[in-house]
Amino acid sequence: MEDAERFFEILDNKNFIFFEVMLESVEDERAWLEKSFERKKNNQEHNYTILLDEKIIGGCGIKIRQHRQFIGEIGYFIDEEHWRKGIATEATKRLEKIGFEELGLNRIEVWMHPDNKGSEKVAVKSGYKKEGFMRKCVFNKRKQGYQDALLYAKTKKDYLASQATSSVSKS
Ligand SMILES: CC(C)(COP(=O)(O)OP(=O)(O)OC[C@H]1O[C@@H](n2cnc3c(N)ncnc32)[C@H](O)[C@@H]1OP(=O)(O)O)[C@@H](O)C(=O)NCCC(=O)NCCS
């Protein structure tokens, strides 16, 4: 909770044009963080802070689809100062390990706006497969309208196969 100001500082960025969370103030961020504990307890969302040299530089998390709790959706945001250093890709790798190995997921999705090239590249580099173009499936509160999204996903089977390949190549 004491980091609310820092999170707000990162998120209050006009270049976060594709990010859906709409915070107007540090108070909104505090309210969001406060509810995060409850959402974790109820297996709705599992959110994490991203630290670099002990400084907060972003956040990431997995939302659990409530009527199909074997499906999770990954999301991430990074302080603009640290874009393009591989941090979101590393965060995705750690999140999916938690998702598949601890939360019992069988499938992880990443949704992004079709023009969000950075987020799409994170998904591709992390080994997610493009499954579709979903029409009008996201509601943008700021624009008060529905938007399209790309769907990328990885199954537990894909994950285990990639783990096996990486352990063979390491040995
Ligand atoms: C999208 C975002 C999370 C990417 O974070 P990041 O830490 O910069 O991502 P990575 O460094 O792991 O990038 C992975 C690849 O994408 C590339 N990339 C990153 N941003 C890019 C952009 N805007 N356009 C094109 N490529 C981009 C990186 O260069 C890297 O490719 P490379 O290894 O070939 O150089 C970050 O830009 C962000 O926080 N944006 C605002 C919030 C947001 O849109 N979140 C996603 C919601 S779906």
Fill in the blank from the handout: What helix-only [θ] at 222 nm does the chain give? Using -39500 (n - 2.57) per DSSP H run of at least 4, over all residues, to the nearest 500, the answer is -11500 deg cm²/dmol
Fill in the blank from the handout: In a Gaussian network model of the chain with springs linking alpha carbons closer than 10 Å, the residue among ILE71, ILE50, ILE17 that fluctuates most is ILE17
Fill in the blank from the handout: Taking segment 85-164, the whole-percent share of alpha-carbon pairs separated by over 16 angstrom is 54 percent
Practice task
May I ask you to give the average projected area over all directions of the convex hull of the Cα atoms of the chain, in nm² rounded to one decimal?
Solution key: 10.8 nm²
Completion exercise
The size of the Cβ-based charge dipole (Lys, Arg +1; Asp, Glu -1) of the chain about the Cα centre, to the nearest 20 debye, is 1100 debye
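Rule-based calculations on the coordinates, nothing more; no lab input. Model, not experiment: these values are computed from the prediction. Reconstructed Cβ throughout: ideal geometry from the backbone, glycine too, with neighbour counts over all protein chains shown.
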